[in-house]
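The values are calculated or read from the model by the stated rules, or taken from the named source; none is laboratory data. Values in this document were obtained by computation on a predicted structure and should not be read as measured data. Virtual Cβ from ideal backbone geometry, glycine too; neighbours counted across all protein chains shown. The accessibility values were calculated without ligands, DNA or RNA, using every heavy atom of the protein model including side chains. Shrake-Rupley method; radii C 1.70, N 1.55, O 1.52, S 1.80 Å.
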Amino acid sequence: MRAGICDMVAIAHIINATLVVPKLDKKSYWQDSSNFSDVFDEDHFINALANDVKVIKKLPKEIGSSMKAVKYFKSWSGMDYYQEEIASMWADYKVIRAAKTDSRLANNNLPPDIQKLRCRACYEALRFAPQIEAMGKLLVDRMRSYGPYISLHLRYEKDMLAFSGCTHDLSPAEANELKMIRDANDNWKVKDIDPREQRSKGFCPLTPKEAAIFLSALGYPSNTPIYIAAGEIYGGDSHMGDLQSRYPMLMRKETLASFEELEPFTNHLSQLAALDYIVSVESDVFMPTYSGNMARAVEGHRRFLGHRRTISPDRKALVRLFDKIEQGKLKEGKYLSDHVIESHRKRQGSPRKRKGPISGTKGTDRFRSEEAFYVNPLPDCLCQGQSQNLNTSIITS
């Protein structure tokens, strides 16, 4: 959502258009009725971008339907596409509605002023609504009262597991339920998934048990406060036991705040996700168990704020270690810890340039293989003075 909105800001600037405050998707899996102003500070968004793009709240009533066009912008497009093909549409239309906003602008090879505008939009203009900001700050303050904390983005919700086809450590009944959900969802094109192959390639989120083993191997003590940034964990307590036993100080929104405090956000999943986003951005350490949209957005935001420690698990390599532990071929201890720490030394958010495409890839596969702009806005949006590694560790003796 954040990436799409900010790209539309940049595109509006490129084609010299007025931007209408975006309408949020209300038909997706989340089924959230929230409007833009329910999630974001609308007035701040408009004012903060005043020098770059004119933003209005609604279309003028006098614009008729014959003056409007619906357009699917091509993915990962550059300046020429928007300045020539899209801008030429102004000859016939007064309004262009972008049917989709995901990955419609290239990650690289754009003018510096466009890249900087994307960052101004994402990290300055796109502020959450006041009530979300206030609740997020309250949650952060309450987590801080326990000491430096980890935000664990635990992607172990029912929809995530159904979509990815990952069933490790699940019962046959649970695996079957997830397959039925995947088969019933017309938007998910891949139906037949080999869960073992998926996991061996590193395409599955870490399970709560695996996340616990990994954090222990990195040296985080059992008294480390951990905030669970996630929706409802599939299977509930039955799959959280190992993590809970190793790290008793597990917190969630629901344990940090009262029912009355959270009630305004209940039944609005995008607003609840915004709260997790705030707590994750402000955490001492952020660790996602899967590199999904929110994980990537938080990682990029933390880089922008000074390369705050963000641990990116090498899931493909870790799976082999976890399997050896499960088979009794490897024990937890110094050898495992040394191996995990060394292999993740450069996977903790330290400064580096954005990764380009994988060698040999072509066409859309080439663009898809690039590291997304909002995952790592270096060097486009960071001054050299900010490039020092400001990572901090909360490992205690």
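Remarks
- C-alpha long axis of helix 172-184 to longest principal axis of the chain, angle in °: 10
- Taking all pairs of distinct alpha-carbon atoms in segment 1-157, Kirkwood radius in angstrom: 17.5
- Base-10 log of normalised Debye intensity for the chain (one unit scatterer per alpha-carbon) at q = 0.13 Å⁻¹: -1.24
- Here segment 143-273 is treated with +1 on each Lys and Arg Cβ and -1 on each Asp and Glu Cβ, and its dipole about the Cα centre works out to around 480 debye.
- Folded to 0 to 90 degrees: helix 130-144 orientation relative to the chain principal axis, Cα: 20
- Electrostatic dipole magnitude of the chain [Cβ: Lys, Arg +1; Asp, Glu -1; Cα centre; debye, to 20]: 1100
- Among 122-129, 332-339, 266-273, the order from most to least packed when residues are scored by Cβ within 10 Å on average: 122-129, 266-273, 332-339
- Relative contact order (%) - criterion: Cα under 8 Å, at least six apart; region: the chain: 18
- Ordering 160-171, 232-243, 351-362 by mean Cβ neighbour count within 10 Å, with the highest value first, yields 160-171, 232-243, 351-362.
- Whichever lysines have a C-alpha closer than 17 Å to that of K331, once near sequence neighbours (fewer than 8 apart) are set aside: K209
- Inter-centroid distance (Cα atoms) of segment 256-334 relative to segment 92-114, Å: 30
- Cα shape, segment 93-213, gyration tensor, a/c 1.5 rule: oblate
- Solvent-accessible area, 1.4 Å probe, carbon plus sulfur percent, for the chain: 51
- Once the Cα atoms are used to define both axes, helix 315-326 deviates from the longest principal axis of the chain by about 20 degrees.
- Per residue, the chain exposes an accessible area of 51 Å² to a 1.4 Å probe, with every protein chain left in place.
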